[in-house]
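Asker: Take a look at this one; I'll ask things after.
The values are calculated or read from the model by the stated rules, or taken from the named source; none is laboratory data. Remember, predicted model here, so these are calculated numbers, not experimental data. Note that each Cβ is placed from the backbone with ideal geometry, even for glycine, and that neighbours are counted across all protein chains shown. The accessibility values were calculated without ligands, DNA or RNA, using every heavy atom of the protein model including side chains. Shrake-Rupley method; radii C 1.70, N 1.55, O 1.52, S 1.80 Å.
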Amino acid sequence: MDYNFSERVKNLSGNAIREIFKVLGDKEMISFAGGMPAAECLPAAKVREFADELLTQNPVGMLQYGATEGYMPLRQTFLNYLKNVGIEGYGIDNTLVVSGGQQGIDLMFKAMTNEGDKILVQNPTYLAVLHIAKTYRLQPVGFDCGEDGVDTDDLERKIVEHKPKLVYIVPNFSNPTGKTLKIETRKKIVELAEKYNVVVIEDDPYGRIRFAGEHLPSIKSFDKSGAVVYITSISKTIAPALRVGFAVGDEKIIRKMTVCKQAVDVQTVTLTQAVVEKFISTGEIDRGIQKSLPIYKEKAEAMLAALDKYMPASFTHTVPQGGLFIWGEFQDGTSAKAKFREAVENKVAFVSGNDFFADGSGDNTMRLNFSNATVEQIDIGVKRLGQIFKK
């Protein structure tokens, strides 16, 4: 049978990382491709304990329909938790619980854009954002990444030239570069958003995974006019499969996002929301983060050392102070994408950088994840990459 697919998806290809997952079933494969937290940091026992307690004490409440806006105890607890990133003075109506941070981004695009609209993204940016933009038939335009992650001069030029509906930024240990915005850059972004009347999406899934340096306040903490919508999740701080995230913004924007969510999944799963509330209110999330930081620090340092030891002299890389990623670039123009298949044949996987650029450039770049491999696997895997790229 011939199927007449919608124009939105007719020419849409799969998310590059999700496609790579198909080859990761091989137990011998060393993967630097995904963005998964370390297996040893997943709190299975505590999730089970909290879920058992909740289902015993309030089975109907955990299994019945709930409000689209989210589980009220979690929304209240989260407002207090926001003080960790400098966000204060907001109420319940400024919050929405979403099914993972990525749904928050999707709902923002759905609520704020029309087909053909332009959005600005860091060059490179989180590849799922480019995927979502294509789904809504938007035009993503990249602005220069700069030393810390955003070149504010180029951002302003692009805002003036393209008049975007939205600007999307990952401020802390950016996916994919691992870069972190300076305080001055954060303040300037808010200034530009207010000056040109453009809404900024601040995506912060990694902010608390800092194993070096000092924590910085969010972009949203400098926002006094409702120009910034802050989105985060517990995927990297508790567990990704719980699918719980949060959006914080002006009440009018949050209301439109809620209406859009009603048409998608009605509500985020009540049981997982309640489990997350337990993690936050009991302080278990903070204890888990503190336990994970030395683990991530050790793995990041192992990968940095291996890259310097095994990769060609033309290869340069970022040195993140947190998060899950290291960004690499071949200064001599070597194509990372051209070597991907050979790498997989040698049982090591990465993500070629061109998937993270709005214009498809960056053929000489690559993203490497260090969180989901052991220190031994990191050394072995990077050594294999070095042998491949030195040919």
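Asker: Of the residues that make up segment 373-385, is at least one crowded, with 18+ Cβ neighbours inside 10 Å and touching an Asp or Glu at 6+ places or on another chain (Cβ under 8 Å)?
Answerer: Checking segment 373-385: not a single residue is crowded, with 18+ Cβ neighbours inside 10 Å and touching an Asp or Glu at 6+ places or on another chain (Cβ under 8 Å).
Asker: For segment 314-391, which fully contained strands (runs of 3 or more DSSP E) count at least 2 residues that are under 12 Å from F32 (Cβ atoms)?
Answerer: Counting at least 2 such residues, we get 325-330, 365-369.
Asker: May I ask you to list the residues in segment 236-286 that are under 20 Å from M36 (Cα atoms) and among the basic types (K, R)?
Answerer: K236, R243
Asker: Can you tell which of G283, G288, G328, G353 is at positive phi and open to solvent by less than 60 Å² (accessible area, probe 1.4 Å)?
Answerer: Working: G288 fails: at positive phi; G328 fails: at positive phi; G353 fails: at positive phi.
Of the residues listed, the single one that is at positive phi and open to solvent by less than 60 Å² (accessible area, probe 1.4 Å) is G283.
Asker: Against the condition open to solvent by less than 30 Å² (accessible area, probe 1.4 Å), out of contact with any Pro (no Cβ under 7 Å at 6 or more places or on another chain) and at positive phi, how does G35 come out, does it pass?
Answerer: It is false that G35 is open to solvent by less than 30 Å² (accessible area, probe 1.4 Å), out of contact with any Pro (no Cβ under 7 Å at 6 or more places or on another chain) and at positive phi.
Asker: Can you name the number of the only condition in (1) touching a Leu at 6+ places or on another chain (Cβ under 6 Å); (2) part of a loop (DSSP other than H, G, I, E, B); (3) hydrophobic (A, V, I, L, M, F, W, C) that V141 fails?
Answerer: Status for V141: all satisfied but (2).
Residue-wise test of (1) under 20 Å from the mean Cα position of the chain (by Cα); (2) acidic (D, E).
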{"residue": "Q273", "(1), (2)": "yes, no"}
{"residue": "E277", "(1), (2)": "no, yes"}
{"residue": "H317", "(1), (2)": "yes, no"}
{"residue": "Q387", "(1), (2)": "no, no"}
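Asker: A further question on this structure: Is there any pair with a first residue in segment 44-68 that is modelled with pLDDT of 95 or more and a second that is among the basic types (K, R) and loosely packed, with under 14 Cβ neighbours inside 10 Å whose Cβ atoms are under 6 Å apart and which are 6 or more apart or on different chains, and what are they?
Answerer: From residues that are modelled with pLDDT of 95 or more, there are no pairs.
Asker: (1) touching a Lys or Arg at 6+ places or on another chain (Cβ under 6 Å); (2) free of Cβ contacts under 8 Å to residues at least 12 places away in the same chain: which one isn't true of G322, the others all being true?
Answerer: (2)
Asker: Show the residue pairs that are 6+ apart or on different chains and have beta-carbon atoms under 9 Å apart, the first residue being within segment 84-112 and free of Cβ contacts under 8 Å to residues at least 40 places away in the same chain and under 21 Å from T272 (Cα atoms), the second being of a type in the set (D, E, K, R) and open to solvent by 30 Å² or more (accessible area, probe 1.4 Å).
Answerer: Matching pairs, first to second residue: I92/E69.
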